[in-house]
1. Between residue 481 and residue 122, what's the calculated FRET efficiency when r is the beta-carbon distance and R0 is 30 Å? Round to 0.05.
2. From the phi angles alone, apply the Karplus equation (6.51, -1.76, 1.60; θ = phi - 60°) to the stretch 417-434 and give each ³J(HN,Hα) in whole Hz, x where the residue is Gly or Pro.
3. Given contacts defined as C-alpha pairs under 8 Å and at least six residues apart, what's the relative contact order of the stretch 310-443, whole-number percent?
4. Just how much of residue 511 is accessible, in Å², when a 1.4 Å probe is used and the result is rounded to the nearest 10?
5. Among the trypsin sites (Lys or Arg not before Pro) in the stretch 70-144, which ones are in a DSSP loop with at most 12 other Cβ atoms within 10 Å of the Cβ? Mind listing them?
6. Evaluate the distance, in nm, between pseudo-label points positioned 7 Å from the Cα of residue 89 and of residue 420 along their respective Cα→Cβ axes.
7. Would you please classify the overall shape of the stretch 203-290 from the alpha carbon gyration tensor, given that a ≥ b ≥ c denote the square roots of the eigenvalues, rounded means a/c under 1.5, and beyond that prolate means a/b larger than b/c while oblate covers the rest?
8. Which ³J(HN,Hα) values, rounded to whole Hz and listed in residue order, are derived for the stretch 478-485 from phi using the Karplus coefficients 6.51, -1.76 and 1.60 in 6.51 cos²θ - 1.76 cosθ + 1.60 with θ = phi - 60°, glycine and proline given as x?
Amino acid sequence: MSDTRTRAPEGPEDVTDAEAERLSSAPAETDSPTGIGVLGWFRWMWRQLTSMRVALILLFLLSLAAIPGSLIPQTSQNSFKVETWKAAHKSLTPIYEKLQLFDVYSSVWFSAIYILLFVSLAGCIIPRTWQFVGVLRAKPPAAPRNLTRMPVYAAWHTDADPEAVNRAAYQRLRKRGFRVHMEEAGAVAAEKGYLREVGNLLFHFSLFALLAGFAWASLASGQGGKLVIVGQGYSNTTTQLDDFTGSAFYTSDDLDPFGFKLDGFTAEYQTGGDQMGTPREYAAHIRYWTGSDETKLTKADIEVNHPLEIGGSKVFLIGHGYAPVVTVKNAKGETVYAGPTAFLPQDGNLTSTGVVKVNDYGEKDGKKTQLGFQGYFLPTAPVNFEQTGPVSLFPAAAEPMLVLTAYAGDLGTDSGLPQNVYQLNTQHLTQLKQDGDIARARLKPGQGWSLPDGYGTVTFDGYQEWASFTVSHRPGNAIALTGAVCAILGLIGSLFVQRRRIWVRAVTTPDGRTLVEAAGLARSESAKIAEELAELAVDLQDDAPATESESESATEPGSEPAAKPEARAEDASDAEEALTAESTPASDEAVVSDKPSGPTSPADPSSKE
């Protein structure tokens, strides 16, 4: 992003060479503080921050800082997973909390790296763009006095008028897409390949936009989760969301007004082969409304990776499972619980666990009593799972079975403390027993179970399916995606476009003939500049044909064609200086001296060029 030289200029000629070495529009940089006092140190630190070395270090640190966010559950993504992890790792939890590892992307240290990278990019882009605009407004660099020092060179004599030759070269170079300037000294200067620097700037701008998109998404985004059983509905409010995570500029008051009803769910699985049980189709069939009018319904399907977009929110399908329909009656035969209860899948075959909490059971032996049931739902139960345990053999409901154990006592739901609906707190519960063993039942649809000790009955009426959704609002995704695409395009331009220059000079020699010289220079070693110069030399033969003496000498054995471009590796340093010469609108004179300059030290590795 900045061009740094390690050799300090010692005299006027060195100053000229140093200016010629500047290859791009990147601002110059020094290796030590300049000026006196705090201001000098501030300038030096600013140059270090906007250097390529520091930018790469910050980018590397940002990638390292994102690793804990992928390995450790994040509160913003799944608070339930975070609580489960904390319960399983109680010794590490205090350390992780102090390091903010459960909120990596909003932590102080991650934000600091992010902001520094922002500042580094901004400090590079602004001056570099300004410099590039100045280069575009300037004329192509004037032809060096000695064109023979260029890596690619051609020359021949002709009887054509020098001005006519220069005009012909001017027109032919313009047709080839070069920016051309006719010099007063009788030469034509042309330059091409500015898209290389455009691609470089586009890459930096795109990277800045990519980071800005992610930053805006984290500041103005929010998401919530909702599990909906088939036949039920959902309204996009915080009271109906199972969980909600907002941000600084997106709160529960900003939720888009809409809702939907889940009419059905289609799930198809592979029935054979190595991928048996793999989902082949997941689709939730809904009817949704927008605004407050729930009567205007629109049918839609939500599939995996095909969300439903409503307003500024997207509804993603993220899961599917089963909800056993259970009816519980007390000792008096009164129905105290009836309906579907969602069970959560534990494996790919949808072996699901869940609990049924009967809060309004009533009294038993003169005491207020509550019942709790913990168990498994097996979509395809084995004939005998004494050895394997309660597991499902296939995710589709081919042989559904409900396995339950019962508890009686106090569920703790009246304490006012929040509880997980998918877990049973057995602290104040007593597990029911039958014949000295744990009371357990395996029920198929339509079967019932008489609870021990006269607690009543439980009937497994069947099952319903459910689908879980994530409602997401992320306004910065489009910016980030556009930035990523443009960054790739800019990188392609900066890698494959070659910046090159061509000079043509036609002058009258003492013998009265016209000497035509053509030289080319590319920023990197490439045969393309040699091919372009050769094609230009051949085209100019129509306007400036070589004299017969040169044509005859070119056909003699052992002679070289006069117009054939040839490379001179020993003059590479001089060629580099000619290419990197800064052009100014005020002067059309050559900026490269006849005297070959010594080699310069390589660019500083902190340069962003």
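The values are calculated or read from the model by the stated rules, or taken from the named source; none is laboratory data. Note that the coordinates shown come from a computational prediction; the quantities given were computed from them, not determined experimentally. Note that each Cβ is placed from the backbone with ideal geometry, even for glycine, and that neighbours are counted across all protein chains shown. Areas reflect the complete protein model, heavy atoms only, side chains present, ligands, DNA and RNA absent. Shrake-Rupley method; radii C 1.70, N 1.55, O 1.52, S 1.80 Å.
1. Given R0 = 30 Å and the Cβ-Cβ separation, E is 0.90.
2. After applying 6.51 cos²θ - 1.76 cosθ + 1.60, I find 7, x, 10, 7, 6, 9, 10, 10, 7, 8, 4, 10, 10, 10, 6, 6, 10, 9 Hz.
3. The normalised contact order for the stretch 310-443 reaches 18 percent.
4. Its heavy atoms expose roughly 90 Å² to the probe.
5. 90
6. Output for this residue pair reads 1.6 nm.
7. It is oblate, given that a/c is not under 1.5 and a/b is not larger than b/c.
8. 5, 5, 5, 5, 4, x, 5, 5
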